[in-house]
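For reference, the structure discussed in these notes is given below.
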Amino acid sequence: MANSAVADEVFRALSDPTRRKVLERLSKGPASVSELAKPFEMKLPSFVQHLAILEQSHIVTSIKKGRVRVFAISPQRLKVAEDWLAEQRRFWETRLDQLDEYLLKLKQEEENR
């Protein structure tokens, strides 16, 4: 999958506040579905859909331990989003630096008149 398609998938998964809160929780360590669902006021099937989206985008992984499914964060995929954001930041910093230089040049020219 191309990096832009991966980034699209990751950002789509991160677009929901419930999924972001799940990731915040998983950043502390693996957790079962019931542990993850506990703070949310929604039916379990709806919550599991959120987990499925996170898993399909490869942001989390899960393993089954007996009858319990345990989820863990998979930070490699988040790196794609981080890299995209860093690229955007570099682009805009360069553009803003150019604007700053231009404005300083205009100001100096005006003062020299």
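Less than 12 Å Cβ to Cβ from residue 55, Lys/Arg counted +1 and Asp/Glu -1: what total charge do the surrounding residues give?
+2
Taking the solvent-accessible surface of protein heavy atoms with a 1.4 Å probe, what is the per residue accessible area of the chain in Å²?
Using a 1.4 Å probe on heavy atoms only, each residue of the chain averages 75 Å².
Taking a probe of 1.4 angstrom, what is the accessible area of residue 35 in Å², to the nearest 10?
100 Å²
Express the C-alpha Rg of the stretch 10-113 as a ratio against the empirical globular expectation 2.2 N^0.38 Å, rounded to two decimals.
1.72
Pop a pseudo-label 7 angstrom from the Cα along the beta-carbon direction at both residue 5 and residue 112 and give the gap in nm to one decimal.
5.4 nm
Can you tell me, using C-alpha contacts under 8 Å and at least 6 residues apart, the relative contact order of the chain as a whole percent?
The normalised contact order for the chain reaches 28 percent.
Using amide H atoms built 1.01 Å from N in the peptide plane, name the residues 5+ places from residue 74, or on other chains, whose amide H lies under 5 Å from its own.
Here the answer is 60, 61, since their amide H atoms fall under 5 Å of that of residue 74.
Hey, rough spin-label estimate for residue 52 and residue 79, points 7 angstrom out along Cα→Cβ, what's it come to in nanometres?
Modelled inter-label distance: 2.9 nm.
Select from 98, 108, 17 the residue farthest towards the positive end of the dipole of the chain; place +1 on Cβ of Lys and Arg, -1 on Cβ of Asp and Glu, and compute about the Cα centre.
Sorting the options by dipole projection puts first 17.
For the peptides 100-110, 37-47, what is the packing order when you average, over each peptide's residues, the other Cβ atoms within 10 Å and list the highest mean first?
37-47, 100-110
Report, in whole Å, the centroid distance computed from the Cα atoms of the stretch 76-113 and the stretch 1-43.
Between the Cα centres of the stretch 76-113 and the stretch 1-43 lies a distance of 32 Å.
Taking K and R as +1 and D and E as -1, what net charge do the other residues with C-beta under 12 Å from the C-beta of residue 39 add up to?
Taking every other residue near residue 39 into account, the sum is 0.
What's the FRET efficiency of residue 90 with residue 24 using the Cβ-Cβ distance as r and R₀ = 30 Å, to the nearest 0.05?
The computed FRET efficiency comes out at 0.65.
Along the Cα→Cβ direction, 7 angstrom out, place labels at residue 104 and residue 70. What is the inter-label distance in nm?
So the two model labels end up 5.5 nm from each other.
The values are calculated or read from the model by the stated rules, or taken from the named source; none is laboratory data. None of the values given here were measured: they were computed from a predicted structure. In this analysis, Cβ positions are derived from the backbone assuming ideal geometry, glycine residues included, and neighbour counts consider all displayed protein chains. Only protein heavy atoms, including side chains, enter the accessible area calculation; ligands, DNA and RNA are left aside. Shrake-Rupley method; radii C 1.70, N 1.55, O 1.52, S 1.80 Å.
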